[in-house]
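The values are calculated or read from the model by the stated rules, or taken from the named source; none is laboratory data. Everything numeric in this text was worked out from a predicted model, so none of it was measured. A quick note on method: Cβ atoms are made from the backbone with ideal geometry, for glycine too, and the neighbour counts reach across all protein chains shown. Just so you know, the surface numbers come from the protein's heavy atoms only, side chains and all, with ligands and any DNA or RNA stripped out. Shrake-Rupley method; radii C 1.70, N 1.55, O 1.52, S 1.80 Å.
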Amino acid sequence: MARLVILGRPGVGKTTLVKRVAEYFPGLFQGFYTEEIREGHMRTGFRIVTLSGKRGVLATKGGASPLRVGAYAVFVEDFERLVLPELENALKRRAPLLVDEIGKMELFSRNFRKLLDILWNEAEFLLATSRFPEIPEVQELFARPGTLRFFLTPKNREEVFARVRELVGAFTKEGARGFSSRVPQQW
């Protein structure tokens, strides 16, 4: 079992990196990523996109929801309706998982919080992103054995991409045996 977590500040390129990895291994991963909703040059929200092609709204500025992160109203219903079945089905099929992002908005879902614990215990391979500094609710997950944390910066993007690509490639060729336990927990 392998867990790779890409940590970084907002806008550093976490989503871009995991999307590049997924594109490098077409059809391998199941899961979701988040993307910005923009009107011109202004970010107005965030969209959920599953790797099976479904889309929904995660958050918008000025939206009607009591759940808020900064200026954004968060819509847990869309998130749970799209993401939870995607992850649960992938887990049953033992497919490698992509979870972008484990953040404050996504963690409003109690069901997602419960599922994260299951994913960390049962998934064969998990590639996830989260912000840095780490969110207290998930620090324990990220510290578990078998979890590698990569701290993404503008300067090391290509190096981290190459290393993650290499680890995914080793895992896909040899299963858990291809994922070396000698790799440091932080990189």
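Can you compute 3J(HN,Hα) from phi for each residue in the stretch 45-61, using the Karplus curve 6.51 cos²θ - 1.76 cosθ + 1.60 with θ = phi - 60°, rounded to whole Hz and x for Gly and Pro?
Calculated HN-Hα couplings, in order: x, 9, 10, 9, 10, 7, 6, 8, x, 8, 9, x, 9, 8, 7, 9, 6 Hz.
Accessible area per residue, 1.4 Å probe, Å², for the chain: what's the number?
For the chain, the per-residue accessible area is 51 Å².
For VAL57, which sequence-distant residues (separation of 5 or more, or a different chain) have an amide H within less than 5 Å of its own amide H, given hydrogens modelled in the peptide plane?
ILE48
Relative contact order of the chain: what whole-number percent is it, with Cα pairs under 8 angstrom and at least 6 residues apart?
Value for the chain: 30 percent.
Using modelled amide H (1.01 Å from N, peptide plane; none on Pro or chain starts), what sits under 5 Å from the amide H of LEU98, excluding residues fewer than 5 places away?
Here GLN30, GLY31, PHE32, LEU127 satisfy the definition.
Say we join alpha carbon atoms closer than 10 Å with springs in a Gaussian network model of the chain; which of PHE150, PHE25, PHE75 then has the biggest fluctuation?
Sorting by GNM fluctuation, first place goes to PHE25.
Separation between the THR153 and ARG113 pseudo-spin-labels, each 7 Å from Cα along Cα→Cβ, expressed in nm?
Distance between label points: 3.3 nm.
Whole-Hz Karplus ³J(HN,Hα) for the stretch 78-83, in order, using 6.51 cos²θ - 1.76 cosθ + 1.60 and θ = phi - 60°, x for Gly and Pro?
Calculated HN-Hα couplings, in order: 4, 4, 5, 5, 8, 7 Hz.
Give me a comma-separated list of calculated 3J(HN,Hα) values for the stretch 154-162, in order, Karplus coefficients 6.51, -1.76, 1.60 applied at θ = phi - 60°, integers in Hz, x for any Gly or Pro.
Result, rounded to whole Hz: x, 7, 10, 3, 5, 5, 5, 4, 4.
Can you pick out the pairs among LYS19/LYS155; LYS92/LYS114; LYS61/LYS114 whose Cα atoms lie more than 20 Å from each other?
Correct reply: LYS61/LYS114.
Considering amide H positions built from the backbone, and no H for Pro or chain starts, which residues 5 or more places from THR44, or on another chain, come under 5 Å of its amide H?
ILE37, ARG38, GLU39
With all protein chains present, how much of the accessible area of the stretch 1-70 (probe radius 1.4 Å) comes from carbon and sulfur, to the nearest whole percent?
54 percent
Compute, for MET42, the solvent-accessible surface of its heavy atoms (probe 1.4 Å) with the complete set of protein chains present, and express it in square angstrom to the nearest 10.
Surface open to solvent at MET42 totals about 120 Å².
With each run of n ≥ 4 DSSP H residues scored as -39500 (n - 2.57), what mean residue ellipticity at 222 nm is computed for the chain after dividing by its residue count and rounding to the nearest 500 deg cm²/dmol?
After summing the helix terms and dividing by residue count, I get -11000 deg cm²/dmol.
Quick one: helix 110-122 against the long Cα principal axis of the chain, what's the angle to the nearest 10°, folded into 0 to 90?
10 degrees
Over the chain, what is the percentage of antiparallel beta bridges among all DSSP beta bridges, to the nearest 5?
Taking every DSSP beta bridge within the chain, about 45 percent pair in antiparallel fashion.
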